[in-house]
Amino acid sequence: MPRLSGARDKTYMKNSDNSLRIPLIVALLVSVLMGFTAGVVGELWVNNFLAPDLEFKSYRDLTKRIDDLLNEKNLGVKDILTDHDAAFERTIEEIAPVTATFYAYKDIGLSLANVYLADDVLGSGFVLTSDGWLLTTTAVLPNPKMPYAVRVGDRVYRVEEIIADSMTPAVLVKVEANNLPVANLGSKNSIYSSQSLLVASDVRGMKRINVSKLNYAEGTDVSELVHSSENYYKFIQLDDDFTSEYIGAPVVNLDGKVVALLLSETGSALPIDYLIRVMKSAVQSGEINRILLGVNYLDLSQTVNFETELRNGAWLTAVGGRRAVMPGTPAAASGLQSGDVILKVDADDITEQRSLTELIQEYNQGTEVTLTVRREGQDIKIPVVLTELKSN
């Protein structure tokens, strides 16, 4: 009987083991299935709700990206910049030392009244020469008889001389200094529509902007489309507005070259090309010399539905009491007439990119140039001796 009881116990234990093993297997399978489902749901939740823009493909991908992020913390800024951002960083490093900030002059002394504050800023500018020539605008320094100061780097200088350009809002400024860092200059021919640029202010910082229009000229009626050969009218239009501290600031391409000077809070900028001759003459002689031709003209590149096969050129015309050819000028002496269309200055065509004014102002006084003129359907050559434009 005892042996029978032992056999019976063994049979019972075996049956009990089998009955327990089945639920354990089922539980294990359910756990695996639930874990897999939770992983899928978790990944979907991460992708779609937590960080939809990161597009994680798997937890392995997530882990790798987190590791990459942690590694970036140990890198320098320049090591993680894109090429585009790195170009901006290099440009900022190059232009910051040559950027200038203008103030109304305050007496030197350890007094709170003599501290230059952010609210005292008149505008910006930049350094042209190491011996103290700078460039800004008449909007920043409107009165040449007033005392002004300018800060470059950590030094403040008193403005000693102000020379205004008769054809643009540009102002050249002289301070007593040596060994100043100087800006590199670039042509508007090196920039294009929608290009990224920097506008540099030491007070407000560096502002990224894009070129909206390269040869922008305002004109709401016909009289505003007629221009003097002694007036620039095409500007670079930037795609953003600015605070007053930026006025006079250098507009810089990503090669670190100043291509324009900011004129207004609405983003109008003066190409540096317009100032090449005057900067040179001012630095050499302390004077600004401009060239006189003496005509008023309609720029055919600005016209729409104009009844002529010509799409470029300067059509001499009178408007609003202004004559097409001004008396006592080189244009009058050469025999230019109302209705003439000037097509070329020497070998250079007048185009949308290069107006008659721009071409004429590249010459020195006393130079004889040959104008190609269309008169009554015929192209003729007219020599003109250019003279100096006298300031009023």
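We did not get these values from a lab; they are worked out from the coordinates using the rules stated. Bear in mind that the values here come from a model prediction, so they are computed numbers and not experimental data. Don't worry about glycine lacking a Cβ; one is built from the backbone with ideal geometry, like all the others, and counts go over all protein chains shown.
Quick notes
- Computed from phi, the 3J(HN,Hα) profile of region 195-205 under the Karplus parametrisation 6.51, -1.76, 1.60 (θ = phi - 60°) reads 5, 7, 9, 10, 10, 9, 10, 5, 8, 8, x Hz, with x in place of Gly and Pro.
- Formal net charge of residues neighbouring GLN302 (Cβ-Cβ distance under 11 Å; K, R +1; D, E -1): -2
- Ranked packing of 92-98, 319-325, 266-272, most packed first, by mean Cβ within 10 Å: 266-272, 92-98, 319-325
- From the alpha carbon centroid of region 106-165 to that of region 173-246 is 20 Å.
- FRET efficiency, SER212 to GLU89 (Cβ-Cβ, R0 35 Å, nearest 0.05): 0.90
- Cα-centred dipole magnitude for region 186-281, charges only on beta-carbon of K, R (+1) and D, E (-1), debye, nearest 20: 440 debye
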